[in-house]
Amino acid sequence: MDTAGRSPYAVLGIAEDATLVEARRVFRRLVKHDHPDTGGDGSKVAALVEAYRALARRLAVTAARPRKRTPTPYDTALRPVSHTRTWRERPAPRPRPVVVLGEKRAFSAVLDAELARLAG
């Protein structure tokens with residue numbers, strides 16, 4: 001298949017205003033159909049590859065890439081500050097239970113002693 005003087009659009013059989021996604025879709029379908037492993041002609045595949053590469057280079061340069069929008073003050077206020085560490089005061093230590101060593105007393109006796117101590 002001779003592609004000399006033919007447009008890559010004509011070789012692939014797509015419209016002049018086709019996007020890169022559409023071109024890729026058509027290219028894959030045609031290569032799958034014309035591949036020598038599936039009984040097709042290898043020269044057609046070579047022409048399709050050449051046309052697709054030229055078209056992909058052309059469309060990739062002119063493709064409109066989505067730009068990121070500029071953040072608004074609302075966005076920046078809600079976004080957490082990165083790479084900084086916030087320090088908090090240590091919480092007050094919890095009071096430790098009073099343990100009387102050496103004496104074996106019943107739980108109720110210890111509870112009564114603690115309640116009397118707290119009542120003051």
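The values are calculated or read from the model by the stated rules, or taken from the named source; none is laboratory data. Being a predicted model, the structure only gives us computed values, none of them experimental. For neighbour counting, all protein chains shown are included, and Cβ atoms are generated from backbone atoms with ideal geometry for every residue, glycine included.
Structure notes:
- Region 1-12 - residue that is loosely packed, with under 12 Cβ neighbours inside 10 Å and not aliphatic (A, V, I, L, M) and, of those, farthest from R57 (Cα to Cα): D2
- For the residues T70, T86, the requirement of being under 43 Å from the mean Cα position of the chain (by Cα), farther than 30 Å from G13 by Cα, loosely packed, with under 10 Cβ neighbours inside 10 Å and at pLDDT 70 or above singles out T70.
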